[in-house]
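Student: Sharing a structure below in structure tokens format, with a few things to ask.
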Amino acid sequence: MKHVNCGTYREMSRQAAGCVAELLREKPEALLCFAAGTTPMGLFEELIQMQARAEVDMTRAWFAGLDEWVGLGPADAGSCIQVMFDSFYTPAGIPRDHIHVFDGMAADMTRECRVMEKWIADHGGIELTVLGIGMNGHIGFNEPGVPETRGCVVVDLDEVTKAISVKYFGKQIPVHQGVSIGMDLLSSAPEVILLADGVKKAPIVAATLSGPVTCRVPSSLLQKHPRAVLLTDADAAGLLPNLD
Ligand code: F6R
């Protein structure tokens, strides 16, 4: 995995947006998969501005939702579907039928997984994924200890993830499971971009890049990916052995 210290959050977001735009110039109908969460908000703003300036056209691309809290839906502020539609899909003008997301309120989560796997396969596989890194190294909801499962997964949430969920919901709400595109499907994307910013992410960035490859730190599994790139700001790169 390559690391680029972009210096600032703004520059990190710009570089990620540049990669997305470059891919879409070459493959306008590519299938993309973006994480929700705090980290990619700057990327979304950059992309929306670039589209307004006609520097990128995202309206022909396809989008698979990375993950969802089981039990939550669009009416729940902080759910992945609410965050992604309000922060990205809607302002970016992505046609609704170009988006497939997990229904966190579905009665049958296993079926949700199979439906997502089929949708991804029907759209040629994920071409580029932009991922955040959890404080515990999770990727999507691939929590520490989750094996490199095939396809999509329903996962019991790690205690760290439950505690951190407060930042999305403004209060502690009972979340126990997540549904997520699994590590193997994400790793099969030819292009993988990981984003991390802020001093609080410095320890997990160091573990991701220079720690052992272990399912205890799911983000470290991407060390094996030939084209994965980790973009950080200077703070998140602060504990790396050799600053670049
Ligand atoms: C969100 C997701 C999570 C986040 C990760 C980092 O869809 O899949 O894995 O990317 O928890 O979250 P932030 O960016 O809020 O620090």
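Student: Enumerate the pairs (first residue in segment 135-149 and closer than 15 Å to LEU194 by Cα and within 9 Å of the ligand (Cβ to nearest atom); second residue anywhere and acidic (Asp, Glu) and at pLDDT below 95) with beta-carbon separation below 9 Å, excluding pairs fewer than 6 apart on the same chain, so at least 6 apart or on different chains.
Tutor: ASN142/GLU148
Student: Read through the list (1) modelled with pLDDT under 95; (2) under 16 Å from the mean Cα position of the chain (by Cα), then give the number of the only condition that GLY134 fails.
Tutor: Result: GLY134 fails condition (1) only.
Student: Of the residues that sit in segment 190-227 and are basic (Lys, Arg) and not in a loop (DSSP other than H, G, I, E, B), which one is modelled with the lowest pLDDT?
Tutor: Among those that are basic (Lys, Arg) and not in a loop (DSSP other than H, G, I, E, B), it is LYS224.
Student: Touching a helix residue (DSSP H, G or I) at 6+ places or on another chain (Cβ under 9 Å), surrounded by 21 or more Cβ atoms within 10 Å (Cβ to Cβ) and under 22 Å from LEU23 (Cα atoms), is that true of ALA92?
Tutor: No, not satisfied.
Student: Mind telling me which of the residues ALA236, ALA196, ALA202, ALA206 ends up being within 15 Å of the chain's Cα centre (by Cα) and either buried (at least 19 other Cβ atoms within 10 Å of the Cβ) or more than 9 Å from the ligand (Cβ to nearest atom) (or both)?
Tutor: The unique qualifying residue is ALA196.
Student: Right, another one. Is there any pair with a first residue in segment 159-176 that is under 22 Å from ASP86 (Cβ atoms) and part of a loop (DSSP other than H, G, I, E, B) and a second that is away from the ligand (no atom under 12 Å from the Cβ) and polar (S, T, N, Q) whose Cβ atoms are under 9 Å apart and which are 6 or more apart or on different chains, and what are they?
Tutor: Listed pairs, sorted by first residue: SER165/GLN172.
Student: Tell me, yes or no, whether segment 159-167 has at least one residue that is within 12 Å of the ligand (Cβ to nearest atom), under 18 Å from GLY211 (Cβ atoms) and buried (at least 20 other Cβ atoms within 10 Å of the Cβ).
Tutor: Checked against the condition, which is being within 12 Å of the ligand (Cβ to nearest atom), under 18 Å from GLY211 (Cβ atoms) and buried (at least 20 other Cβ atoms within 10 Å of the Cβ), segment 159-167 yields no hits at all.
Student: Of the numbered conditions (1) closer than 22 Å to ALA21 by Cα; (2) touching a residue at least 12 places away in the same chain (Cβ under 8 Å), PRO226 satisfies every one except a single condition; which is it?
Tutor: (2)
Student: Just to be sure, is GLY178 more than 16 Å from the ligand (Cβ to nearest atom) and either surrounded by 14 or more Cβ atoms within 10 Å (Cβ to Cβ) or within 19 Å of the chain's Cα centre (by Cα) (or both)?
Tutor: no
Student: The conditions are (1) under 21 Å from GLY18 (Cα atoms); (2) part of a helix (DSSP H, G or I), and ALA234 fails exactly one of them. Which is it?
Tutor: Of the numbered conditions (1) under 21 Å from GLY18 (Cα atoms); (2) part of a helix (DSSP H, G or I), the odd one out for ALA234 is (2).
Student: For THR129, indicate whether it is in contact with a Cys (Cβ under 7 Å, 6 or more places away or on another chain) and β-branched (Val, Ile, Thr).
Tutor: Answer is yes for this residue.
The values are calculated or read from the model by the stated rules, or taken from the named source; none is laboratory data. The structure presented is a predicted model; accordingly, all values stated were derived computationally and were not measured. Don't worry about glycine lacking a Cβ; one is built from the backbone with ideal geometry, like all the others, and counts go over all protein chains shown.
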